[in-house]
Amino acid sequence: LTPTTGVLSRQGWSSAMWSVGVGWTEIDPIHTHTSQGNSSCLGLLFSMAKLQSGNGVQWKDRRSQRGAVESLAGHESSSLGSDSELNGFANTETQTDKYGFIGGAQQSTGENDNIPPDVLRQREAKWLDMLNSWDKWMAKKHKKVKLRCQKGIPPSLRGRAWLYLSGGKVKKEQNQGKFQELDSQPGDPKWLDVIEKDLHRQFPFHEMFVARGGHGQQDLFRVLKAYTLHRPEEGYCQAQAPIAAVLLMHMPAEDAFWGLVQICEKYLPGYYSAGLEAIQLDGEILFALLKRVSPVAHRHLKKYKIDPILYMTEWFMCAFSRTLPWVSVLRMWDMFFCEGVKIIFRVGLVLLKCMLGSQEKLKACQGQYETMELLRSIEPRYMQEAFLVQEVSELAVSERDIEKEHLSQLRRWKETHGELHCKSPPRMHGAKAIMAAEPPSRQDLKQNPTIVVEVPQTTESKIEKGKKAKSKLEKKTDTKNTSPPLNPYLLPSDPALQSDNLAPSESQHLQEDTPPQGSNQSLSSSEHDTYL
């Protein structure tokens, strides 16, 4: 926090909230900026950081924490890649869930998240149809697209659907070779150092990122470095790392880069800029909306002077990727890409209402610290997939409500803080608004093959030889067009083969290679045969 304005520094906040590795807390003095006037607030942030464990991992005691850290470190030292077998996790005690988690609080038990195979196949067929005619569906049947996002995108098509919903597919097609160009550049050393420090902190219990230097961490580094080159005035914010990591779990590095660009520029503009002014404004918007959704929770937070920035920063900047169970994270992101930031607001309002929405629940948290502790340990039933999706879908908070409150909070900000230092582009509320602002062409939406198999050279030479042989044969038969067609199935004793016009070698050649009936039509059609 800066001394006079109370503006939150993105590196100051991130060092407190994001310096938490796999079960330990480290505060980087280089990126931590304190002041006497805000020491109590920053102290509370540090207390939260001490309670924080890597990506939602809850530790029962210090001994188990230390043991897990030593175990993970031991596996990393001998790892060659990011696969669980290479990292030493392929044993009978460690099980990888279907999302790739080998442990931690976000590992799925698989009890309630299984969709019947026939239902999944039907949904996949529907989504394939939509993606093949994306512009028509978005223009004429957007409500149907929205409903299907609420039901959940099939896992096999989630990455492709996210890219289409966000507009990342169009950006990629309109900027061919841009990512490769950025990837080949060295990058700014001041950002590269911070990025490298953050790589191992992103989902350390996911098999894609568990190994230091594995392919997951390498791709994460490439995506984040490319973004600092794409937006040098913005640089890198540590909250971007989990966003990029989630994208990389579902798509290649280039697609993840354009997905990150769309989130930072269209869905959450200004969230990752210096000063974090946009996230503070959205915190005030959330607090104002809470007054309407849950007056009891609003009064409690106001009574103990708990600023929204203390409990909603990680929620919003990471799009709940470090807070919710993984099944719920994916469902929320499906809806978020389709409907925009209002989904993030709704999730935050539902959690606050469920945890602080009754006098009975507030009896156990009579104080600032107790309230923050309660918000950090949200009851699992409120984060359960079916419950959360239903509550979020039914909560009456629209884009108009958010924009109306945004204008009100912006006026208050200017009265107390002056003009915004970072001018962010207008926020796009979902896929339909993004497509309307930047209409794509049909070519931009065309799905290009991701795997191209080249025909070996030896095979090509054989094909060419075959074509040349047939061409010579056709020329020879054309010169004999005055004579009747030869029958290739005649016996050697047949008088037709004793023609004085053909040498014995030529007769034998025609017997072997001439097509049936030897007509000009059959010969010309043979030129267009496909050779495999």
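The values are calculated or read from the model by the stated rules, or taken from the named source; none is laboratory data. Keep in mind it's a predicted model, so treat the numbers as computed, not measured. Because the Cβ atoms are built from the backbone with ideal geometry, glycine has one as well, and the counts that use them run over all protein chains shown. Note: accessible area is taken over every heavy atom of the protein model, side chains too, but ligands, DNA and RNA are not part of it. Shrake-Rupley method; radii C 1.70, N 1.55, O 1.52, S 1.80 Å.
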**Request:** Identify the trypsin sites (Lys or Arg not before Pro) of the stretch 124-192 meeting these criteria: DSSP loop state and at most 14 other C-beta atoms within 10 Å of the C-beta.
**Result:** LYS141
**Prompt:** How large is ³J(HN,Hα) for each residue in the stretch 198-208, as worked out from phi by the Karplus curve 6.51 cos²θ - 1.76 cosθ + 1.60 (θ = phi - 60°), to whole Hz, x for Gly and Pro?
**Reply:** 8, 4, 6, 8, 8, 6, x, 9, 9, 5, 6
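For the stretch 129-244, what does the equivalent ellipsoid look like in terms of its semi-axes, each the square root of 5 times an eigenvalue of the Cα gyration tensor, given largest first in whole Å? Can you show the working numbers first?
Numbers: eigenvalues 194, 69, 28 Å².
Working from the Cα gyration tensor, I get semi-axes of 31, 19, 12 Å.
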**Request:** Keeping all protein chains in position, work out how much accessible area CYS422 exposes to a 1.4 Å probe, and write it in Å² to the nearest 10.
**Result:** 40 Å²
**Prompt:** In nm, to one decimal, how far is the modelled label at HIS142 from the one at ASP188, with both set 7 Å along Cα→Cβ?
**Reply:** 3.6 nm
**Request:** Using label points projected 7 Å from each Cα along Cα→Cβ, tell me how many nm separate GLN218 and LYS423, to one decimal.
**Result:** 4.2 nm
**Prompt:** For ARG411 and ARG231, what does the FRET efficiency come to when R0 = 22 Å and r is the distance between their Cβ atoms, rounded to the nearest 0.05?
**Reply:** 0.20
**Message:** Only sites in a loop by DSSP and with at most 15 other Cβ atoms within 10 Å count here; which GluC sites (Glu not before Pro) in the stretch 227-334 make the cut?
**Reply:** GLU233
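If you place +1 on the Cβ of every Lys and Arg and -1 on the Cβ of every Asp and Glu, how big does the dipole about the Cα centre of the stretch 205-299 come out, in debye to the nearest 20? Write out the running numbers ahead of the final one.
Working: 8 positive and 10 negative charges, 64 e Å.
With Lys and Arg at +1 and Asp and Glu at -1, about 300 debye.
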**Message:** Going by amide H atoms built from the backbone, whose H comes under 5 Å of the H on ALA105, apart from near neighbours?
**Reply:** VAL57, GLN58
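Mind jotting down a quarter of the surface of the convex hull over the alpha carbons of the stretch 226-287, in square nanometres, one decimal? Don't skip to the end; give the middle numbers.
Values: hull surface 17.5 nm².
Projected area, direction-averaged: 4.4 nm².
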**Item:** the stretch 159-208, accessible surface, carbon-and-sulfur percent (1.4 angstrom probe)
**Value:** 48 percent
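Keeping every protein chain present and rolling a 1.4 Å probe, give me the accessible area per residue for the stretch 398-446 in Å². Don't jump to the answer; show the numbers that get you there.
On the way: 3380 Å² over 49 residues.
Result: 69 Å² per residue.
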**Prompt:** Assigning unit charges at the beta carbon (Lys, Arg +1; Asp, Glu -1) and nothing else, what dipole magnitude in debye, to the nearest 20, does the stretch 152-232 show about its Cα centre?
**Reply:** 260 debye
**Message:** Multiplying the sequence separation of GLN447 and ARG381 by 0.36 nm and subtracting their Cα-Cα distance, what value in nm do you get?
**Reply:** 19.8 nm
**Asked** When only the heavy atoms of the protein chains count and the probe is 1.4 Å, how do ARG331, ARG412 rank by accessible area, highest first?
**Response** ARG412, ARG331
**Message:** Under a crude label model (7 Å from the Cα following the beta-carbon direction), how far is GLN368 from ASP401 in nanometres?
**Reply:** 2.9 nm
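Given a 1.4 Å probe, how much area per residue of the stretch 143-296 is accessible, in Å²?
Details: 4830 Å² over 154 residues.
I get 31 Å² per residue for the stretch 143-296.
Can you tell me how much longer the chain between ARG299 and SER156 gets when fully stretched, taken as 0.36 nm per residue apart minus their C-alpha distance, in nm with one decimal? Intermediate values should be presented prior to the final figure.
Values: separation 143, 0.36 × 143 = 51.48 nm, distance 4.45 nm.
Extra length available between ARG299 and SER156 comes to 47.0 nm.
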**Request:** Ignoring everything but the protein chains, give the 1.4 Å probe accessible area of TRP413 in square angstrom, nearest 10.
**Result:** 20 Å²
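Considering the convex hull of the alpha carbon atoms of the stretch 198-312, report its projected area averaged over all viewing directions, in nm², one decimal. If you can, show how the numbers build up before the last one.
On the way: hull surface 34.2 nm².
That works out to 8.5 nm², a quarter of the Cα hull's surface.
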**Message:** As a test question: what accessible area, to the nearest 10 Å², does ARG299 have when a 1.4 Å probe is rolled over all protein chains in place?
**Reply:** 140 Å²
**Prompt:** Scattering from the C-alpha atoms of the stretch 132-185 alone, worked out with Debye: what is log10 I(q)/I(0) at q = 0.22 1/Å?
**Reply:** -0.89
